[in-house]
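Asks: Below is one structure. I have some questions about it.
The values are calculated or read from the model by the stated rules, or taken from the named source; none is laboratory data. In this text, all values refer to a predicted model and were calculated from it rather than measured experimentally. Cβ placement follows ideal geometry from the backbone for every residue including glycine, while neighbour counts extend to all protein chains displayed. Side chains are part of the model used for accessible areas, which takes the heavy atoms of the whole protein and leaves out ligands, DNA and RNA. Shrake-Rupley method; radii C 1.70, N 1.55, O 1.52, S 1.80 Å.
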Amino acid sequence: MVPEKNSDVDHDFLTDPIQLERDGDWIVAPDTTLGSDNGVGVAMMMAVATSDDVDHGPLELLFTVDEETGLTGAAGLDGSLLEGRRLINLDTEEDGAFYIGCAGGSDLHATFDLEQVKTERPEQVRLSVKGLRGGHSGVDIHENRANAIKLLARVLKAAMDASIEIDLVSVEGGSKHNAIPREAFAQIRLVTGATDKLRGVAAAQQEEFEKEYGRIDPDLEVVVEEMEVSDSVFTDDLTRRLVGALMAVPHGVLAMSRDVEGLVETSNNLAVIHTTDDGIEVTTSSRSSVMPALRGTVEQIRSAFELAGAEVSSPEGYPGWTPDPDSHLLKVGREVFEDLFDTEPAVKAIHAGLECGIIGEKVPGLDMISMGPEIRSPHAPGEKVQISSVQKTWDLLKAYLAELA
Ligand SMILES: [Zn+2]
């Protein structure tokens, strides 16, 4: 479980029992996380193992550690330990749904050497793009929310196209690889009078951005504020290469799935830019449920940065789980679900990482499905689980195991 508590509560997760409350059809832990994610899954596996009235074939029960902190337990699994080739994962938090796919991910880091010159230009401003919604770079990416770093690059490009000589002092934006950047800033030195011209460009760009993103990012702002001057600025060459790269690197949805309606197959988040004493560091985070598409996206981004003269590294990512609409496990699951509940299950996939992506890569030919009860706020105090959905999940699991026996 994710151990989170409200700051005004005295609770030691290592020694204190979770305080539970029943609220109608829900069990809730008002001031801590509850651990229904994924205590329910663990409990059901132990119940299957210890019951003598559950009909099933040979079983292997796989318990992993640290799913919540980087999927490292699954990553450390020796796949040859498993003989089974069908896996029912019990970590889904949605009643009535089967999950059949997830995204893999890969980050990339580009570094531009800091090439600076001294400047005598009298004016300096801070150009800000702010007020954006941001959000999770996996599960919110389909909403086409604005990316502050991309918009900042567009304002800089528009200023250059309007023949405003911009001498960059620094560029900053975003905070985490898996968050869509909400804010980005550039410090710029300018010749006398250019500040007003830049304000004009910023206002015109803001108007364009409002047409493009106003409905999803209504508080978007492009602001130019005067500030004290710094000594050194980026060379013109570095500025052109950097702005060009930020324009060229894609952000957002790159492909939709052909197998699961509404699922984002491939995306990229232009996540973070940061100016240090040595260089300008840019981080991107790509996701796809199809591994060749993920590799292709990372190489596309690498090429853009390398053309711009940056050093690029991309640590090994984690694998996705490609949806298989013809899965035998899914076919049986649908039949069992419809028999039990007289309605069709939702069949879904998620544009974020799950353990199944990693486990599937370690066990060739593994047919997988994920299911579970209705859990709300799984990683926050107030986590709750719906009692009736636990019963439904248990009934479904028993019928599933019997059918597969
Ligand atoms: Zn969780």
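Asks: Using +1 at the Cβ of each Lys and Arg and -1 at the Cβ of each Asp and Glu in region 88-181, identify which of Val171, Leu108, Ala158 lies farthest towards the dipole's positive end.
Replies: Sorting the options by dipole projection puts first Ala158.
Asks: Quick one: with all protein chains in place, what share of the accessible area of region 302-405 is carbon or sulfur, to the nearest percent (1.4 Å probe)?
Replies: Carbon-and-sulfur percentage of accessible area, whole number: 46.
Asks: Averaged per residue, what accessible surface does region 1-109 expose to a 1.4 Å probe, in Å²? Intermediate values should be presented prior to the final figure.
Replies: Numbers: 6090 Å² over 109 residues.
Per residue, region 1-109 has an accessible area of 56 Å².
Asks: Please sort by residue number the GluC sites (Glu not before Pro) in region 235-323 whose DSSP state is loop and whose Cβ has at most 15 other Cβ atoms within 10 Å. Present the calculation step by step, with values, prior to reporting the outcome.
Replies: Numbers: sites: Glu261, Glu265, Glu281, Glu299, Glu306, Glu311, Glu316; in loops: Glu261, Glu316.
For GluC sites (Glu not before Pro) across region 235-323 that sit outside H, G, I, E and B with at most 15 neighbouring Cβ atoms in 10 Å, the list reads Glu261, Glu316.
Asks: Rounded to a whole number of µm²/s, how large is the Stokes-Einstein D of region 189-307 at 37 °C and 0.692 mPa s, given Rh as the Kirkwood radius over C-alpha pairs?
Replies: Working: Rh = 17.4 Å.
Here the translational diffusion coefficient equals 188 µm²/s.
Asks: Next up: Rg/Rh for region 20-169 to two decimals, with Rh computed the Kirkwood way over all alpha-carbon pairs.
Replies: Computed over Cα atoms, the ratio is 1.18.
Asks: Something else now. Under the Kirkwood approximation applied to all pairs of distinct alpha-carbon atoms, what is the hydrodynamic radius of region 361-405 in Å? Write down the numbers at each step before the final one.
Replies: Details: mean 1/r = 0.0784 Å⁻¹.
One over the average 1/r among Cα pairs gives 12.8 Å for region 361-405.
Asks: Another question, if that's okay. Could you go through region 68-73 in sequence order and give the Karplus-derived ³J(HN,Hα) for each residue, using 6.51 cos²θ - 1.76 cosθ + 1.60 with θ = phi - 60°, rounded to whole Hz, and x for Gly and Pro?
Replies: 7, 10, x, 6, 6, x
Asks: Okay, moving on. Leaving ligands, DNA and RNA out of it, report the carbon-plus-sulfur percent of the accessible area of region 51-125 at a 1.4 Å probe.
Replies: The nonpolar share, carbon plus sulfur, comes to 46 percent.
Asks: Another one. How much accessible area does Phe63 have with a 1.4 Å probe, in Å² rounded to the nearest 10?
Replies: Accessible surface of Phe63 is approximately 100 Å².
Asks: Using every alpha carbon pair in the chain, what percent of pairs falls into each 20 Å bin from 0 up to the bin containing the largest distance?
Replies: Percent of pairs per bin, in order: 24, 46, 25, 5, 0.
Asks: Which of the lysines could be linked to Lys130 by a straight reach, that is with a Cα gap under 17 Å, when you skip same-chain ones fewer than 8 residues away?
Replies: Output for Lys130: Lys150, Lys176, Lys211.
Asks: Just the C-alpha atoms of region 66-110: what Rg/Rh do they give, with Rh taken as the Kirkwood radius?
Replies: Ratio of gyration radius to Kirkwood radius: 1.03.
Asks: Between region 257-291 and region 1-72, how far is it from one alpha carbon centroid to the other, in angstrom?
Replies: Spelled out, the Cα-based centre of one part sits 32 Å from the other.
Asks: What's the longest uninterrupted piece of the chain once you rule out the trypsin sites (Lys or Arg not before Pro) that are loop residues per DSSP with at most 11 other Cβ within 10 Å?
Replies: Longest site-free region, per DSSP loop and neighbour criteria: 1-214.
Asks: If you plug each phi of region 40-50 into the Karplus form 6.51 cos²θ - 1.76 cosθ + 1.60 with θ = phi - 60°, what whole-Hz ³J(HN,Hα) values come out, in order, with x for Gly and Pro?
Replies: 5, x, 4, 4, 5, 5, 5, 5, 4, 5, 9
Asks: Test of understanding: express the Cα radius of gyration of region 271-405 as a ratio to 2.2 N^0.38 Å, with N the residue count. Working shown, then result.
Replies: Working: Rg = 20.8 Å, N = 135, 2.2 N^0.38 = 14.2 Å.
So region 271-405 has a normalised radius of gyration of 1.47.
Asks: Step through the residues of region 22-28 one at a time and calculate ³J(HN,Hα) from phi using the Karplus curve (6.51 cos²θ - 1.76 cosθ + 1.60, θ = phi - 60°), rounding each to whole Hz and writing x for Gly and Pro.
Replies: 9, 10, x, 8, 10, 9, 10
Asks: Roughly how many Å² is the accessible area per residue of region 271-354, as a whole number, for a 1.4 Å probe? Walk me through the numbers before you get to the answer.
Replies: Numbers: 4070 Å² over 84 residues.
Value returned for region 271-354: 48 Å² of accessible area per residue.
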